Amino acid sequence: MIRAFRSEWVKLRRRTLLVSTYASLTALSALFTVLVFTRASNNPNRGGERFISLAELARPDGLSRGLTRAALLLGVVAFGIAASQVAFEFSLGTLRQLLVRQPRRTVLLSGKALGIITFLAGAVLCSGVGGAAAVAMPQVQQAQKSAPFRTPQGDFPGTKK
C-alpha cells in the first residue's frame with residue numbers, strides 16, 4: 001500500500017496540480033470569507049435575499065458560519081480532483097495495467113485513495129489559511145469606519161457629492 005501511495009503522490013506533486021490547486025483554494029476561500037463578512041449587515045433580509053447577519057457572525061459559532069461557503073467550494077474541488085485523477089489514469093490505460101499486474105487490488109486502490117485523501121487534507125489546510133482572513137475582517141471593517149479614511153463631512157477623500 002505504501003508503494004501505491006507513493007506512486008499516487010508522484011502524480012499529485014506535479015507543480016501544475018499542486019501549486020495551482022493549493023494557491024487557488026487559499027485565494028478563493030479568503031475571497032469567500034471576505035465577501036461573507038462584507039455582505040453581513042444588521043438587516044439579513046435585504047432585497048429579498050437571505051444574508052448572514054452581524055449578530056450571527058458575533059455568536060461563538062459565527063466563524064464556522066462564515067466559512068461554510070468556502071467549505072462548499074472545497075467539496076466541489078475535492079470531488080473534481082479525485083475524479084480527474086481516476087479518469088486520467090483510465091483514459092491512458094494505466095489503471096487497467098495496474099489492476100492487471102497487482103494481485104491484491106484492494107491494496108492498490110486503498111493506496112491511491114490514501115494519496116488523494118492526503119492531498120485533499122493539504123487542500124483543507126490551505127483553505128483554512130485563506131479562511132484566516134475571517135480573523136482580520138472585523139479589524140478591516142472597523143478601519144473603514146474610522147476617521148483616517150473619511151473627511152469631517154463623512155465622505156471619502158477625493159470624492160464629490
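The values are calculated or read from the model by the stated rules, or taken from the named source; none is laboratory data. Being a predicted model, the structure only gives us computed values, none of them experimental. Cβ atoms come from the backbone with ideal geometry, glycine included; neighbour counts cover every protein chain shown.
Checking each residue in the range 1-54 for being among the basic types (Lys, Arg), in a helix (DSSP H, G or I) and at pLDDT 80 or above picks out ARG3, ARG6, LYS11, ARG15.
Of all the residues in the range 98-112, those that are over 19 Å from ARG14 (Cβ atoms) and either charged (D, E, K, R) or touching a helix residue (DSSP H, G or I) at 6+ places or on another chain (Cβ under 9 Å) (or both) number 9. Taken over the range 55-100, the criterion of being at pLDDT below 70 and on the phi > 0 side of the Ramachandran plot is satisfied by no residue.
Evaluation of PHE79 against the conditions (1) surrounded by 12 or more Cβ atoms within 10 Å (Cβ to Cβ); (2) closer than 17 Å to LEU12 by Cβ shows that the sole unmet condition is (1).
Taking (1) farther than 30 Å from SER64 by Cβ; (2) at pLDDT below 85; (3) assigned to a helix (DSSP H, G or I); (4) hydroxyl-bearing (Ser, Thr, Tyr) in turn, THR151 satisfies each apart from (3).
If a residue must be of a type in the set (Gly, Ala, Ser) and within 14 Å of LEU125 (Cβ to Cβ), how many such residues does the range 12-23 contain? If you could, list the steps in order and put the result at the bottom.
Taking the range 12-23 first, the residues of a type in the set (Gly, Ala, Ser) are 20, 23.
Okay, now just the ones that are also within 14 Å of LEU125 (Cβ to Cβ), so 23.
The total comes to 1.
Is the range 91-104 home to any residue that is in contact with a Lys or Arg (Cβ under 8 Å, 6 or more places away or on another chain) and surrounded by 13 or more Cβ atoms within 10 Å (Cβ to Cβ)? Among the residues of the range 91-104, not one is in contact with a Lys or Arg (Cβ under 8 Å, 6 or more places away or on another chain) and surrounded by 13 or more Cβ atoms within 10 Å (Cβ to Cβ), which makes the answer no.
Could you please let me know if PHE119 is of a type in the set (Phe, Trp, Tyr), touching a helix residue (DSSP H, G or I) at 6+ places or on another chain (Cβ under 6 Å) and modelled with pLDDT of 75 or more? Here the answer is yes, as PHE119 does meet what is asked.
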